[in-house]
Amino acid sequence: MLWNNHASELWRYFTIYLRREIAHRAGLTQKAAREQSRVSFGKVAEYQKRGAVHFHAVIRFDGPAGPDSPPPAWATLDLLTDAIRAAAARVRVVLPANPEHGFVNDWVLQWGEQIDVQPIGAFGSGEDLTEQAVASYVAKYATKAAETTGTVDHPVGNKEALLLLGVPDHPRRLMEACMDLDQAYPDRRLRAWAHMLGFRGHFSTKSRRYSTTLGALRQVRADYRAAQQRASLGLPDPDEHPESTLLVVAHWAYAGHGHTPGESWLAANIRRDIRHNREIAREELMGERDE
């Protein structure tokens, strides 16, 4: 669980070391390597059945002008593959000991030995692994969240709730471990991320210059939906007809917020009944486990 919690840090250090390893193997300074090439990343996180997170990543190596320019001649596949493996082997994240809670030694977190590096065909060089295949591959793992291990899709406040939710034994013990470790390392917020088995990063991240931004994609989607709506209502496109007037379809006004006194009383009673029923269910479940 501590490894999951620091997986994003391990990835961050990997991206730093990779650029250094590429420059070292090319016989260049880091500045010169950046001027002659551009490295960018896209990755998704996937949970294994045992609960550990691992990453599926696409690492792009372009010329200085970006995706439309091929990388420099010195950037051979062997050089890049060796740089990736060397960078992954260098990564270390040290979590200090906490004798007060029984951890007398530092935790040294690093990548495992399983790393698979394959070239992607981007310039028609005859590689078997195409860009389309990689897109499908990454998209498949983007749908696999922590729930695939048997955990839940929302925060859980205490161990008793795990029993009421019927979480299977293995993920339940992992979530309980997060709650136990939270006292030793409160800044890591392990209790808050117990439902994610300690992992606190985004399931998908990319370099800013890897491709278009998510904001641009959202804007294109919003523009497309707006065009559909205008077409269904027979309205003109404001970009093509700037002289067109604004048609008000509906008018909304702020009416207030919160419960009325009667609604507040009713909500309080419902909340009390729900809490009472949960306590009864918990007592019955604990009684069955004791038997």
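The values are calculated or read from the model by the stated rules, or taken from the named source; none is laboratory data. Owing to the predicted nature of the structure, the values given are computational and were not obtained by experimental measurement. Glycine also receives a Cβ, built like all others from the backbone with ideal geometry; neighbour counts cover every protein chain displayed.
Just a few scattered comments:
- Considering region 55-69, and only residues there that are loosely packed, with under 15 Cβ neighbours inside 10 Å and of a type outside the set (A, V, I, L, M, F, W, C), the residue that is farthest from A23 (Cα to Cα) turns out to be D68.
- Of residues in region 173-219 being at pLDDT below 75 and among the polar types (S, T, N, Q), the one nearest to H56 (Cα to Cα): S211
- A residue that is within 23 Å of A281 (Cα to Cα) and buried (at least 21 other Cβ atoms within 10 Å of the Cβ) occurs somewhere in region 154-165.
- Selection within region 226-244: residues that are loosely packed, with under 10 Cβ neighbours inside 10 Å and of a type in the set (D, E, K, R). The member of this set that is modelled with the lowest pLDDT is E243.
- Identity of the residue in region 91-115, modelled with pLDDT of 90 or more and among the charged types (D, E, K, R), that ends up nearest to L10 (Cα to Cα): R92
- In this structure, S37 does not satisfy being surrounded by 12 or more Cβ atoms within 10 Å (Cβ to Cβ) and without any contact (Cβ under 8 Å) to a residue 12 or more places away in the chain.
- Residue match in region 35-45 (condition: more than 28 Å from F203 (Cα to Cα) and in a helix (DSSP H, G or I)): yes
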